[in-house]
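The structure appears below as C-alpha cells.
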Amino acid sequence: RDDISGGDTRCTVKNCTGISAPAYGTLGDCPTNGILTHDSSCTLSCNAGFELTGEGPSCNAGVLTNTGQCIACDAGTYSEAGSTSCTDCDAGTADLDSNPATVCTNCVAGTYSSTGSTSCDNCIAGTTDNDTDPSTPCEDCGDTQYSEAGSTQCEDHATCSDPREYLDGESISS
C-alpha cells in the first residue's frame, strides 16, 4: 500500500480491557485478568436468586460490548448459583420464604398450588384433595357430601328421619 511509510506492515490486535463481573454475578468463563482478546466473547453467571439479561462481554477491534446484568428473580421462582434464568416453582410447590435463592417448598396433602405459586392454599370447605397430590386442583364434594377446609376426603351428609332429632350430634328429643 502507498500509505504505509517506513516499510512497517505489522498490524496490532486491539484487545478489550475492563471486563468486570456484574452486580450479583461472576465472570463465568471470562478471563480473570479483565482482558478479552479480539474477536472473542465470554459468559457471565449470576448468584442464586438472580437471572442474566442482556449479552455477556464480547470484543471486536478493541471495542468492548457488555450488556449483561443480573436481576432478581420474581416471587414464585428460584435460581441456583451460576444459573442464567429463573425457574417457576412447579405445581404442588411454592416459594414460601420469598427467597428466590432457595428452591421451592413441597406443599402438603389437603392443599393446592399452581405453577409459580407463593403459597400452598388449603382446599376450601366443600372441596377435597382426593388424590393427596397438591399439584392437582381440589375437587368439589358434590351435593350429597361435605368437607372441612384442607380435607383429603369428602364425608357423607348425616341423614335424620326427623331433622329435629339431632343438633350437633346430640339428641334434642325430650
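The values are calculated or read from the model by the stated rules, or taken from the named source; none is laboratory data. Since we're looking at a predicted model, the values are computed, not measured. With ideal geometry, Cβ positions are generated from the backbone for all residues, glycine too; neighbour counts draw on all protein chains shown. Keep in mind that these areas ignore ligands, DNA and RNA; they rest on the heavy atoms of the full protein, side chains included. Shrake-Rupley method; radii C 1.70, N 1.55, O 1.52, S 1.80 Å.
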In the range 115-131, residue farthest from Gly142 (Cα to Cα) [restricted to those that are charged (D, E, K, R) and either open to solvent by less than 20 Å² (accessible area, probe 1.4 Å) or assigned to a loop (DSSP other than H, G, I, E, B) (or both)]:
Asp131
Pull up the range 45-73, narrow it to residues that are without any contact (Cβ under 8 Å) to a residue 40 or more places away in the chain and assigned to a loop (DSSP other than H, G, I, E, B), then point me to the one that is nearest to Ala21 (Cα to Cα).
Gly56
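Give the residues of the range 132-145 that are assigned to a loop (DSSP other than H, G, I, E, B), charged (D, E, K, R) and open to solvent by 80 Å² or more (accessible area, probe 1.4 Å), sorted by residue number.
Selection gives Asp143 alone.
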Subset tally (residues that are on the phi > 0 side of the Ramachandran plot and modelled with pLDDT of 55 or more) for the range 120-174:
4
Being modelled with pLDDT of 95 or more and open to solvent by 40 Å² or more (accessible area, probe 1.4 Å) is the requirement here; does Tyr112 meet it?
yes
Looking only at the range 73-106, how many residues end up being open to solvent by 60 Å² or more (accessible area, probe 1.4 Å) and closer than 28 Å to Leu36 by Cα?
3
